[in-house]
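Written below as structure tokens is the structure these notes are about.
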Amino acid sequence: MSHSNNTVRTPGSLDESFADAGIFRLDIPRVGSQTLIHDVAVQRSANLEYLYFAGYAIGGAFGYPYVLGRLMPDGTLDESFGVDGISSGSFALNMNSAGRSIALLADGKILLTGQVGTIPTLARFLCDGTLDSDFGSEGLVILRLPEDIQAQRAPQSQGETQDHACSLTALDSGKILVVHNYVVSHEADTRALIFLLNSDGSADESFNQKGHVQVVYPGGVPADVKLRNGFIDPDGKIVVGGNLAPRSGTPAPFFARYNIDGHLDRTFGDDGFVVVSLPTLQTPTINAMIGQPNKRLLAIGRTAAGQGLLISLEPDGSPNIQFNRGQPLLTRLDNVDTLWRRAAMQPDGTLVLLDKIQRPEEQGELVVARLLSDGSLDTTFNGVGWVSTSLERVGSFDGIDLQGDGKIVIAGFLSTPASQGLVLRYHGRN
């Protein structure tokens, strides 16, 4: 069952003026036979809004190349960017290179996070799609596991891997915040790191005197903390979130806040940390986190019981009683399994959510929902507060951003055997 209605321009309907009836499908045989898109970003302008997307291709001649593309407002590739709208390549010779997330800078440059092999990498591009040689080494910064953390490796370690939990934030000062999990020996043995870089990609040594901080929960071991992302709050402090997953005990949503010098902000929660441990949360997973109005934060995720999960906190880390009366909000749309992966905040405080619902023995459906500031569904959006779009082989949809006119842009990919990256645009206002 789909609640989308594409014949009228109501909030929640696909924008048929964009690409092919609201859907752009990435097809670039010269780069690879299959494509995956992980993020999308709107370059807001008074005259013209470009849409950027990032991911990677499969089936090329030299491994998996990253893909950075730019779309015109009508959903066609901008041929003035890169080669026919696409910038693609490898972060290192003959190494798999995947694009993961995008940050658009005030000077028009584009910052891309990804990975070279299994190591997180940043690349900065000029507005024409070429690498910016003034950033890092020929446009690239490879964030290897810091030497002081390498000493924590288990003797049987086989090298660095990572779980793609990497987030990127560009600060107004030009500095760059990166939050990343390293897996040092096996999937459960992680190290959670916060990096602060200067605008040229070098480590900002005013941050913890090293340019990085390892997040460790008091009384636990380093592997207990699994960060998903972070952001800079209105006071210029660094907020990170994810999951506290002790080897013995129940996983719980986890948050921490740091001052810009790398020291814990002990006015937040319990000495700088907040752990949301409630019996109603069945094996919760936090996937993302964003800022809300009035300096609040909102965490987005799911539970093992098939419920979408939202948690809103006040600036001091206490529950926001104006959002679902201060309790975690558990969601099951149409009374079926619901997962929330990403979110975006509209200027009026309403919240747009992205992921999918999964019906028994059926393929998942892509879902976009809109909530009011108290956590209730906004019924002006498609009449019920959410819209599902049936697509063949729904894979993962990680990218969401908002245009200046309120339209909602999302990005992701269809799953195998024929993966294909998609960008979709929905109407957001009447």
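The values are calculated or read from the model by the stated rules, or taken from the named source; none is laboratory data. Model, not experiment: these values are computed from the prediction. No Cβ is skipped: glycine too gets one built from the backbone with ideal geometry, and neighbour counts run over all protein chains shown.
State yes or no: is Arg257 over 17 Å from Ile300 (Cβ atoms), buried (at least 24 other Cβ atoms within 10 Å of the Cβ) and among the charged types (D, E, K, R)? Criteria met by Arg257. Listed conditions (1) buried (at least 17 other Cβ atoms within 10 Å of the Cβ); (2) within 20 Å of Thr350 (Cβ to Cβ); (3) touching a Pro at 6+ places or on another chain (Cβ under 6 Å) are all met by Gly326, apart from (1). Taking the conditions exactly as written (more than 23 Å from Leu309 (Cα to Cα) and touching a Gly at 6+ places or on another chain (Cβ under 7 Å)), does Val240 satisfy them or not? When the stated conditions are applied, Val240 does not pass them. Of the residues making up the stretch 286-338, those that are out of contact with any Phe, Trp or Tyr (no Cβ under 7 Å at 6 or more places or on another chain), within 19 Å of Val240 (Cβ to Cβ) and of a type in the set (D, E, K, R) number 3.
Only a single criterion out of (1) farther than 30 Å from Lys175 by Cβ; (2) within 21 Å of the chain's Cα centre (by Cα) is not satisfied by Ala21, namely (2). Restricting attention to the stretch 400-411, the residues that are in contact with a His (Cβ under 9 Å, 6 or more places away or on another chain) and modelled with pLDDT of 95 or more total 3.
Number of residues in the stretch 337-363 that are more than 30 Å from Asp265 (Cα to Cα), out of contact with any helix residue (DSSP H, G or I) (no Cβ under 6 Å at 6 or more places or on another chain) and in a strand (DSSP E or B) equals 7. When the stretch 60-76 is filtered for residues that are within 21 Å of Asp398 (Cβ to Cβ) and more than 21 Å from the chain's Cα centre (by Cα), only Gly75 remains.
Residues that are out of contact with any Leu (no Cβ under 7 Å at 6 or more places or on another chain) and within 19 Å of Gln322 (Cα to Cα) were ranked within the stretch 279-298; the one that is surrounded by the most Cβ atoms within 10 Å (Cβ to Cβ) is Lys295. Of the strands (runs of 3 or more DSSP E) lying entirely inside the stretch 82-126, those containing at least 3 residues that are more than 30 Å from Val184 (Cβ to Cβ) span 86-89. Here His263 clears all of (1) under 21 Å from the mean Cα position of the chain (by Cα); (2) within 14 Å of Leu193 (Cα to Cα) except the condition numbered (1).
Just a yes or no: is a residue in the stretch 10-32 modelled with pLDDT of 90 or more, within 19 Å of Lys109 (Cβ to Cβ) and not in a loop (DSSP other than H, G, I, E, B)? No; the residues of the stretch 10-32 include none that is modelled with pLDDT of 90 or more, within 19 Å of Lys109 (Cβ to Cβ) and not in a loop (DSSP other than H, G, I, E, B).
Among the criteria (1) out of contact with any strand residue (DSSP E or B) (no Cβ under 6 Å at 6 or more places or on another chain); (2) surrounded by fewer than 15 Cβ atoms within 10 Å (Cβ to Cβ); (3) within 30 Å of Gln363 (Cβ to Cβ), the one Asp334 does not fulfil is (2). Checking every residue in the stretch 325-336 against the condition of being over 25 Å from Asp39 (Cβ atoms), modelled with pLDDT under 95, among the aliphatic types (A, V, I, L, M) and outside any strand (DSSP E or B) gives at least one match.
Restricting attention to the stretch 233-277, the residues that are under 20 Å from Gln209 (Cβ atoms) and of a type outside the set (Ser, Thr, Tyr) total 15.
Selection of first residues in the stretch 58-78 that are closer than 18 Å to Val40 by Cα and of second residues that are of a type in the set (A, V, I, L, M) and at pLDDT below 85, restricted to Cβ pairs under 8 Å at least 6 apart or on distinct chains, gives the following pairs, ordered by first then second residue: Pro65/Val31; Val67/Val31. Among the residues of the stretch 66-76, none qualifies, meaning not one is among the aromatic types (Phe, Trp, Tyr) and in a loop (DSSP other than H, G, I, E, B). Please verify whether the stretch 187-195 includes one or more residues that are within 19 Å of Pro319 (Cβ to Cβ) and not aromatic (Phe, Trp, Tyr). The answer is no; no qualifying residue exists.
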